[in-house]
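**Student:** The structure under discussion is supplied below as structure tokens; questions concerning it will follow.
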Amino acid sequence: MMKKAKRVFTAEEVAKHNTENDAWLIVEGKVFDVTNFLREHPGGKRILLKEAGKDATEKFRSFHAPSVLTNYEDELCIGKVGSSADMEKYRKKQEKKAFVEAMGGFGGLVPYGDPSWYQGFHSPFYNDSHKALRKGIRKFVEKEIMPFVHEWDEQKKFPFELFQKCADAGFLGCVVGAPWRSEYCGSNILGGVLPSEYDVFHTMIIIDEVSRCGSGGICWGIFGGLSIGLPPVLHFASDELRERIVPPCLTGKKVICLAITEPYAGSDVANLQTKGELTADGKHYIVNGEKKWITVCYFPPVSSFSSYTTLARSLHCFF
């Protein structure tokens with residue numbers, strides 16, 4: 001049997017419920033609605049009606065063992081008696097609960113601990129599509145990521161299949177930001193978001209919700225390599241190269257690595273020591289230099305490796 005929601009009442013409020021059609025009483029500090037129990041009471045309804053609206057603890061103890069109260073508590077108990085302060089505390093708690101449920105059940109309403117739109121503040125940037133996406137991504141993270149976080153952290157890697165799951169769920173395309181790249185990864189977006197609706201705030205929600213898994217390594221593993229390695233291809237590569245590289249990356253079949261960091265410095269693109277030089281026949285690049293800390297390069301069988309060289313202040317991407 002489903003338990004009734006428990007409330008806090010003052011003795012004065014209980015006292016108002018003292019008729020055959022509306023009978024409450026107090027036993028051991030708890031409030032019981034016995035209206036529908038009157039006819040079932042072994043001693044008849046009159047004995048209960050005499051105590052309706054009152055504290056019947058002493059009378060109850062005179063006739064019943066404590067186990068009797070336990071047997072009927074789930075069915076008849078509707079709350080407990082408290083002070084005015086207890087009532088106010090309960091009222092605020094219920095208001096908070098109702099608000100969280102109205103907002104979709106997200107956020108703890110801790111000041112500055114949640115995005116402000118979780119707490120009901122107006123925002124011109126969030127609409128129903130953002131709420132739907134948030135609900136979908138949270139469900140995905142709680143099912144597909146959170147149960148395995150400790151195991152993956154201990155192994156210092158997660159299964160490559162996670163990329164495919166993210167793509168199939170409809171959010172891996174966020175790694176290149178807005179607009180949504182339907183031409184490379186299709187139009188399926190988590191939460192039923194339309195490609196035309198997708199904006200930077202959808203991307204922020206996805207990253208925010210995945211971060212709830214509590215592992216910076218997993219978050220960086222999913223988003224890091226793709227988000228820094230793929231945009232240069234989208235913006236600077238030829239059409240042929242984009243068609244060959246981008247779709248498998250955004251559909252979870254391959255990953256891409258940005259190999260910038262060297263033993264001498266990190267992410268110092270202008271002063272790269274590693275060079276890529278075109279062969280005499282113009283068909284290949286020969287790469288010479290040292291690299292380290294290449295994000296998501298722990299999937300060598302399925303990775304595309306990228307490097308950069310500065311030639312006349314232009315970045316040339318080659319594979």
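The values are calculated or read from the model by the stated rules, or taken from the named source; none is laboratory data. Just so we're clear, the structure is a prediction, and the values are computed from it rather than from any experiment. Neighbour counts are summed over all protein chains in view; Cβ atoms, including those assigned to glycine, are modelled from backbone coordinates with ideal geometry. What goes into the accessible areas is simple: the full protein's heavy atoms, side chains included, and nothing from ligands, DNA or RNA. Shrake-Rupley method; radii C 1.70, N 1.55, O 1.52, S 1.80 Å.
**Student:** Report yes if LEU250 is of a type outside the set (Val, Ile, Thr) and touching a residue at least 60 places away in the same chain (Cβ under 8 Å), otherwise no.
**Tutor:** Yes: the conditions hold for LEU250.
**Student:** Name the pairs whose Cβ atoms lie under 8 Å apart, with the first residue in the stretch 259-271 and at pLDDT below 75, the second of a type in the set (A, V, I, L, M), and 6 or more positions between them or separate chains?
**Tutor:** GLY266/ILE260; SER267/ILE260
**Student:** With the condition kept exactly as written, say whether any residue in the stretch 228-236 is free of Cβ contacts under 8 Å to residues at least 24 places away in the same chain and open to solvent by 20 Å² or more (accessible area, probe 1.4 Å).
**Tutor:** yes
**Student:** Follow-up. Check the stretch 55-75 and report whether any residue there is basic (Lys, Arg) and in contact with a Phe, Trp or Tyr (Cβ under 9 Å, 6 or more places away or on another chain).
**Tutor:** no
**Student:** Do we have LYS254 as open to solvent by 20 Å² or more (accessible area, probe 1.4 Å), touching a helix residue (DSSP H, G or I) at 6+ places or on another chain (Cβ under 8 Å) and more than 17 Å from GLY177 (Cα to Cα) here?
**Tutor:** Here the answer is yes, as LYS254 does meet what is asked.
**Student:** Quick check, is GLU243 charged (D, E, K, R), open to solvent by 20 Å² or more (accessible area, probe 1.4 Å) and assigned to a helix (DSSP H, G or I)?
**Tutor:** For GLU243, the condition - charged (D, E, K, R), open to solvent by 20 Å² or more (accessible area, probe 1.4 Å) and assigned to a helix (DSSP H, G or I) - is met.
**Student:** Now, a different point. For the stretch 83-95, state whether one or more residues are in contact with a helix residue (DSSP H, G or I) (Cβ under 8 Å, 6 or more places away or on another chain), at pLDDT below 90, part of a helix (DSSP H, G or I) and open to solvent by 40 Å² or more (accessible area, probe 1.4 Å).
**Tutor:** There is no residue in the stretch 83-95 that is in contact with a helix residue (DSSP H, G or I) (Cβ under 8 Å, 6 or more places away or on another chain), at pLDDT below 90, part of a helix (DSSP H, G or I) and open to solvent by 40 Å² or more (accessible area, probe 1.4 Å).
**Student:** Filter the stretch 275-293 for residues that are within 43 Å of the chain's Cα centre (by Cα), closer than 19 Å to ILE256 by Cβ and part of a strand (DSSP E or B) and give the result.
**Tutor:** Of everything in the stretch 275-293, those that are within 43 Å of the chain's Cα centre (by Cα), closer than 19 Å to ILE256 by Cβ and part of a strand (DSSP E or B) turn out to be GLY276, VAL287.
**Student:** Show the residue pairs meeting these rules: Cβ distance below 8 Å; 6+ apart or different chains; first residue within the stretch 50-72 and under 21 Å from ALA11 (Cα atoms) and touching a residue at least 12 places away in the same chain (Cβ under 8 Å); second residue among the β-branched types (Val, Ile, Thr) and part of a loop (DSSP other than H, G, I, E, B).
**Tutor:** ALA52/VAL34
**Student:** Can we say ASP239 is in contact (Cβ under 8 Å) with a residue 24 or more places away in the chain and among the charged types (D, E, K, R)?
**Tutor:** Considered against the rule, which asks whether it is in contact (Cβ under 8 Å) with a residue 24 or more places away in the chain and among the charged types (D, E, K, R), ASP239 comes out as no.
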